[in-house]
There are 2 protein chains.
Amino acid sequence: MHRGVSRLVNIFRKRTKKDKRLITAIKTIVGSKPFNLQLYQLAVKHSSMARVNSRGLKESNERLEYLGDAVLGAIVADYLFKTFPFKEEGFLTEIRSRIVNRESLNTLGRKIGLNQLVEYDQNKKNALSHKSLYGDTLEALVGAVYLDKGYRFCTKFVLEKLIIPYFDINEIIRSNPNWKSKIIEWSQKENKDLKFEIVGVKAEKQHREFTAQVYIDDEPMATGVGASKKKAEQNAAQKTCEILKLE
Amino acid sequence: MHRGVSRLVNIFRKRTKKDKRLITAIKTIVGSKPFNLQLYQLAVKHSSMARVNSRGLKESNERLEYLGDAVLGAIVADYLFKTFPFKEEGFLTEIRSRIVNRESLNTLGRKIGLNQLVEYDQNKKNALSHKSLYGDTLEALVGAVYLDKGYRFCTKFVLEKLIIPYFDINEIIRSNPNWKSKIIEWSQKENKDLKFEIVGVKAEKQHREFTAQVYIDDEPMATGVGASKKKAEQNAAQKTCEILKLE
């Protein structure tokens, strides 16, 4: 719907208490009132609360989450590109993934108060809290802002209300030496083909052990083990860094 | 640099033949002349041709490729979101990955003539042609257009010059039943947790065989095998679809 039209419709529609509360919250979080309130109503609706509509579509925030995830990725990519004009792609990719990952988005979603807004099935609370309920809602909110106010405003929102206040990029860079990113950077600099592969999983009751293998230009390098794929890869990357004598 | 300033600088800088050829090519491909020619010069410079500058940065299209990849992802996500208002996230994600993947971008890059523009080390031609030389250049070009002309113009470029002329979306949807996407859609509809895992690799000389395992809500379902991870996953997904009686 055209923005002007949807604003008119919104004016003449009777607001419930819940609507008013959502409008106030969005104004605080986003820095601007909704044009099209329906987008935000959808953004805070978890799929556990979804009804299937007459077109067979589940009405939940999942579509907005898909869109917001992509838009957020582009905005953060742009921000890091411009903030670090002398850093290579491997570095930018790594820092972006430390900002835009499930865990950090989930924490951020909670910090900005999405836990107060998101609607989900209370009976599934425990199951959901382990997943990325708030992070998913945050992505959906970014999708809603993008559709409601366009890319430029959305960039302003993401940077000024989310990234800059809540992430200390220098701290992110300093924090735990990421062996995998080190070796990715190295391989790009040296024009080598780098591949990580999970070559084995041992499962015993609760415990699983993954084995990761690093290949450089299709030559097998070190293997590493760990309780998750990520940990196994880090371990293999660390050993490879040692072999290559990367600090 | 400010656009106006960089345009002035461009006017007073002497154009080489190569510059003029690039400007003409960009005008044809993008539909508009470069403001900042340097961005496009960088976009067509493969890392095999890169010199390391005084800041220790390799001057190649890799940073632009990182940016263009993210921007392209957002633009295509938006396009599919609006084109298919009644389709769920799993469908949109799947169709996007069929458009924006290494192979299809590489083909597209060649079709629009980037093979005539990209500068790379001729000695490495064979090694490079197997990789995604043209696809990477295409992403870098999207990054350059985005920086040079902004998100709105870049969207117009991507849709009108790349996606709409070169992809038949209905054909993409119809083509080969993708078992993995079927099961992803199903799991989203049913609110199930779905996981694919490569649980084994057998390597014998030239031949490798991967084993993939499907988990639904952490319960192991079918396993599948194949000569690549993707094929093993498809095979496991197909068997799982049969178990679940998804058409």
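The values are calculated or read from the model by the stated rules, or taken from the named source; none is laboratory data. A quick note: this is a predicted structure, and the numbers were derived from the prediction, not measured. Positions of Cβ are generated from backbone atoms using ideal geometry, with glycine treated the same way; all protein chains shown enter the neighbour counts.
For this structure, a couple of remarks:
- Exclusive hit being at pLDDT 95 or above, part of a loop (DSSP other than H, G, I, E, B) and more than 15 Å from the chain's Cα centre (by Cα), set A:K27, A:K14, A:K33: A:K33
- Filter result for B:T137 (of a type in the set (S, T, N, Q) and touching a residue at least 40 places away in the same chain (Cβ under 8 Å)): yes
- Of the set (1) surrounded by fewer than 21 Cβ atoms within 10 Å (Cβ to Cβ); (2) within 14 Å of another protein chain (Cβ to nearest Cβ); (3) over 17 Å from the mean Cα position of the chain (by Cα), all apply to B:R96 but (3).
- Those residues of the stretch B:206-240 which are within 13 Å of chain A (Cβ to nearest Cβ), of a type in the set (G, A, S) and out of contact with any helix residue (DSSP H, G or I) (no Cβ under 7 Å at 6 or more places or on another chain), in sequence order: B:S228, B:A232
- Residue list for the stretch B:226-247, restricted to those being at pLDDT below 85 and among the small types (G, A, S): B:G226, B:A227, B:S228
- The condition (being within 25 Å of A:L22 (Cα to Cα), among the small types (G, A, S) and free of Cβ contacts under 8 Å to residues at least 40 places away in the same chain) is satisfied by just one residue among A:G109, A:G113: A:G109.
- Those residues of the stretch B:57-68 which are more than 8 Å from chain A (Cβ to nearest Cβ) and either small (G, A, S) or in a helix (DSSP H, G or I) (or both), in sequence order: B:S60, B:L64, B:G68
- Hey, A:K27 free of Cβ contacts under 8 Å to residues at least 12 places away in the same chain, of a type in the set (K, R) and surrounded by 16 or more Cβ atoms within 10 Å (Cβ to Cβ) or not: no
- Residues that are under 28 Å from the mean Cα position of the chain (by Cα), buried (at least 16 other Cβ atoms within 10 Å of the Cβ) and free of Cβ contacts under 8 Å to residues at least 60 places away in the same chain within the stretch B:188-199 comprise B:L194, B:F196, B:E197, B:I198, B:V199, listed in sequence order.
- When the residues of the stretch A:36-71 are filtered to those that are under 22 Å from the mean Cα position of the chain (by Cα) and β-branched (V, I, T), the one that is surrounded by the most Cβ atoms within 10 Å (Cβ to Cβ) is A:V71.
- Which numbered condition B:S54 misses (of (1) part of a helix (DSSP H, G or I); (2) at pLDDT below 95; (3) hydroxyl-bearing (S, T, Y)): (1)
This table checks each residue for (1) modelled with pLDDT of 85 or more; (2) out of contact with any helix residue (DSSP H, G or I) (no Cβ under 9 Å at 6 or more places or on another chain); (3) within 12 Å of chain B (Cβ to nearest Cβ); (4) farther than 30 Å from B:K202 by Cα.
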residue	(1), (2), (3), (4)
A:E171	yes, yes, no, yes
A:R174	no, yes, no, yes
A:S181	no, no, no, no
A:S187	yes, no, yes, no
A:K192	yes, no, yes, no
A:E204	no, yes, no, no
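One line per residue, one yes/no per condition, for (1) among the small types (G, A, S); (2) within 15 Å of the chain's Cα centre (by Cα); (3) buried (at least 21 other Cβ atoms within 10 Å of the Cβ):
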residue	(1), (2), (3)
A:F81	no, no, yes
A:F86	no, no, no
A:T107	no, yes, no
A:V118	no, no, yes
A:L133	no, yes, yes
A:D136	no, yes, yes
A:L141	no, yes, yes
